[in-house]
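Reviewing the structure listed below.
The values are calculated or read from the model by the stated rules, or taken from the named source; none is laboratory data. This structure is a prediction, so every number in the text was calculated from the model and none was measured. Ideal geometry is used to build each Cβ from the backbone, glycine not excepted, and the neighbour counts take in all protein chains shown. Please note that ligands, DNA and RNA were not included when accessible areas were found on the heavy atoms of the full protein model with its side chains. Shrake-Rupley method; radii C 1.70, N 1.55, O 1.52, S 1.80 Å.
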Amino acid sequence: MIDKLKLIREEALNNIKNINNIEELEKLRVKYMGKKGELTLILREMGKLSKEERPKIGQMANEIRQELEKGLANANERIKEELKKEKIQKEKIDISIRTKTKNLGHTHPLLATIEELENLFISMGFSVIEGPEIETVANNFDALNSPENHPSRDLSDTFYINEEILLRTHTSPVQIRAMKQMKPPIKIVSAGRTFRFDDVDDTHSPMFHQLEGLVVDENVSMANLMHTIDIFIKELFGEDMKTRFRPHHFPFTEPSAEVDVSCFECRGEGCEVCNGTGWNIELLGCGMVHPKVLENCGIDSKKYTGFAFGMGVDRITMVKYNIDNIRLLFENDNRFLEQF
Ligand code: DAH
């Protein structure tokens, strides 16, 4: 029996060494240690042995069983490890492979203009703030002193979300937010998207951009407003540019003015673009903040005065970059955008 055990041990260990997969491993386990396995049968026959032989052979058989179990467990580990390696090998990604190179983007001309304007105003001591595109009717119209019957409030001019909320028609409501949140002195600009029910043509779009400015302090005058705008226009377009203030009406400023600047083409000489006038008209709106608007925001209009202005960023971008169609700014056609 001892010889038989030795033989089983040798043969089994040899077989285990050569196993290559889980199925073979299971077959071997059954062959030796299954219910009718060779080793199991021997252990079962132990009863037939003499008292002296039993412990000796029992111990040997048990040791062999442990050895085989260990061998099988090791083989199991080895097979798993090999499977894993094989899987990794198959899944390997060749990171050296060349793919189509991506084009790097750059700042959109509209954003470039907004950043240039903001930087100019920052250099003049203004802070940049933001306001929401979805506004209350109260901030967009009421607090800005716009009368109930003002045409811009009409359903056919403005995108209402409900009776109290709309897509802002201008950036002026940011003035209201600033005055309600800050105490004078206030000196802010704010740029962003605005919305009106306009049909699209070369110069109109239902979504466009404005930049708003507001200064509130003691002793702020129309002279400060005119000087600020004049410096700003010269910085933006060149020292030779002149500004002209024409009286106008806005509900939220009194007095109000529209600003014309020298024609960008002829710089004031008179040419075809400006119909010989030398002026580029209506570049921005401005005025002294209406006392009612100050009071609507809890600012003492006896102590403080202010000026405000608003301009179309799309228009400024178009003259700066010589773009003749506003659609080009929003189509995001790379052939156009790559030129800037
Ligand atoms: N909100 C005006 C518009 O959309 C522009 C404007 C005019 C803004 C005068 C101002 C201002 O702040 O004082 O036409």
For region 282-335, how many residues meet the condition of being assigned to a helix (DSSP H, G or I), away from the ligand (no atom under 16 Å from the Cβ) and open to solvent by 20 Å² or more (accessible area, probe 1.4 Å)? 11
Hey, can you tell me all the residues within region 143-172 that are among the small types (Gly, Ala, Ser) and open to solvent by 60 Å² or more (accessible area, probe 1.4 Å)? Ser156
Residues that are part of a strand (DSSP E or B), within 16 Å of the ligand (Cβ to nearest atom) and open to solvent by 30 Å² or more (accessible area, probe 1.4 Å): does region 268-281 have at least one? yes
Anything in region 230-257 that is under 36 Å from the mean Cα position of the chain (by Cα), away from the ligand (no atom under 11 Å from the Cβ) and in contact (Cβ under 8 Å) with a residue 12 or more places away in the chain? List them, or say none. Asp230, Ile231, Phe232, Ile233, Glu235, Leu236, Phe237, Gly238
Matching entry among Arg65, Arg44, Arg78, Arg54 (being among the basic types (Lys, Arg) and touching a residue at least 12 places away in the same chain (Cβ under 8 Å)): Arg65
Of those in region 119-133 that are part of a helix (DSSP H, G or I) and open to solvent by less than 70 Å² (accessible area, probe 1.4 Å), the residue farthest from Lys187 (Cα to Cα) is Leu120
